[in-house]
1. What label, among [x] 19, 48, 25, 8, 0; [y] 22, 63, 15, 0; [z] 14, 26, 19, 16, 16, 9, 0, belongs to P(r) over Cα pairs in 10 Å bins from 0, in percent computed from the structure on display?
2. For the chain, take the longest principal axis of its alpha carbons; what is the angle in degrees between that and the long axis of helix 4-20, to the nearest 10 within 0 to 90?
3. Excluding Arg19 itself, calculate the net charge of residues whose Cβ lies under 11 Å from the Cβ of Arg19, where each Lys or Arg counts +1 and each Asp or Glu counts -1.
4. The chain: which trypsin sites (Lys or Arg not before Pro) are DSSP loop and have at most 14 other beta-carbon atoms within 10 angstrom?
5. Counting other Cβ atoms within 10 Å, which GluC sites (Glu not before Pro) in the chain have at most 16 and lie in a DSSP loop?
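What follows draws every value from the coordinates through simple rules; no lab data is involved. It should be emphasised that the depicted structure is a prediction, and the values quoted were computed from it without experimental measurement. Note that each Cβ is placed from the backbone with ideal geometry, even for glycine, and that neighbours are counted across all protein chains shown.
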Amino acid sequence: MFSVKQKRDIAEKVQEVLRETNHPELPEGEIQFELLVQGQAQWSFGQISNNGAVKKPSVNARNEAQD
């Protein structure tokens, strides 16, 4: 659903929003999370994790064309 760049950008923004909460239970380093975005069709979805958790992102040519 999203290109690798889009996923990385979204992950950075989620990390910022979580950090801005100043919640005492959050770690000082990178915050680990998983985000599932459902598209219009059943097969259309995007899974986004914190950037540090994705060592080798999978590339889908169709998704990369959107970037």
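1. Identified label for the calculated read-out: [x].
2. The two axes meet at around 20 degrees.
3. -4
4. Hits after loop and neighbour filter: Lys55.
5. Glu25, Glu28, Glu30
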